[in-house]
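Trainee: Before anything else, here's the structure in question.
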Amino acid sequence: MPAKPSQRAIVQLIDILGKKWVLRILWELSHSPCTFRELQSRCGDLSPTIINTRIKDLCEAQLVYKSPETGYTLSPAGNELVTLFHPINAFAERWVKEKEE
């Protein structure tokens, strides 16, 4: 059953955000713009192929853009989206226990 017209936008967004590593990439970019290598390091050395694919998806969705000066950065839409992460972060700090190393 296709999504109703009023639900198409949220379905598209869920499809983008549901891909593995997308939320992590957005979270890392929310702290500051970074180069490809910096992003790879911040994300625990993800494979270049995964980062390339996810960044491409995020750029197509207009959530991220590449600046010649600073590398990858959140777009205004991406910045607005990551504000929704703050309540999730607060929840995680309260309820998600860190793994003991």
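The values are calculated or read from the model by the stated rules, or taken from the named source; none is laboratory data. Because the structure is a prediction, the values reported are computed rather than measured. Quick reminder, even Gly has a Cβ in these numbers, built from the backbone with ideal geometry, and neighbours come from all protein chains shown. Side chains are part of the model used for accessible areas, which takes the heavy atoms of the whole protein and leaves out ligands, DNA and RNA. Shrake-Rupley method; radii C 1.70, N 1.55, O 1.52, S 1.80 Å.
Trainee: Within a Cβ distance under 11 Å of Ser32, other residues only, what is the Lys/Arg minus Asp/Glu net charge?
Mentor: Here the count lands on -1.
Trainee: Just grab the label-to-label distance for Asp45 and Val11, each label 7 Å out from Cα along the Cβ direction, in nm (one decimal).
Mentor: 4.1
Trainee: If you roll a 1.4 Å probe over the heavy atoms of the protein chains, what accessible area per residue do you get for the stretch 1-95, in Å²?
Mentor: Accessible surface, normalised per residue, equals 68 Å².
Trainee: Under a point-charge model restricted to the Cβ atoms of Lys and Arg (+1) and Asp and Glu (-1), what is the dipole moment magnitude of the chain relative to its Cα centre, in debye to the nearest 20?
Mentor: 340
Trainee: Separate question: Please give the net charge around Ile16, taking every other residue with its beta carbon less than 14 angstrom from that of Ile16, where Lys and Arg add +1 and Asp and Glu add -1.
Mentor: Details: positive: Arg8, Lys19, Lys20, Arg24, Arg54, Lys56; negative: Asp15, Asp57, Glu60.
The answer is +3.
Trainee: I need the calculated FRET efficiency for the pair Glu98 and Arg37, taking r as the beta carbon distance and R₀ as 25 Å, to the nearest 0.05.
Mentor: Here the calculated transfer efficiency is 0.40.
Trainee: To make sure I understand the rule: partners must be lysines, Cα under 23 Å from the Cα of Lys97, and not fewer than 8 residues away in the same chain. Which ones qualify?
Mentor: Filter leaves Lys20.
Trainee: Here is a follow-up. With springs only between Cα atoms under 10 Å, which of Asp45, Asp15, Asp57 fluctuates most in a Gaussian network model of the chain?
Mentor: Of Asp45, Asp15, Asp57, the Gaussian network model singles out Asp15 as fluctuating most.
Trainee: At 1.4 Å probe size, with the rest of the protein present, what percent of the exposed accessible area of the chain is carbon and sulfur atoms?
Mentor: 56
Trainee: Hey, another quick one. Express in % the proportion of alpha carbon pairs of the chain at distances exceeding 18 Å.
Mentor: Details: 2639 of 5050 pairs.
Value for the chain: 52 percent of Cα pairs lie more than 18 Å apart.
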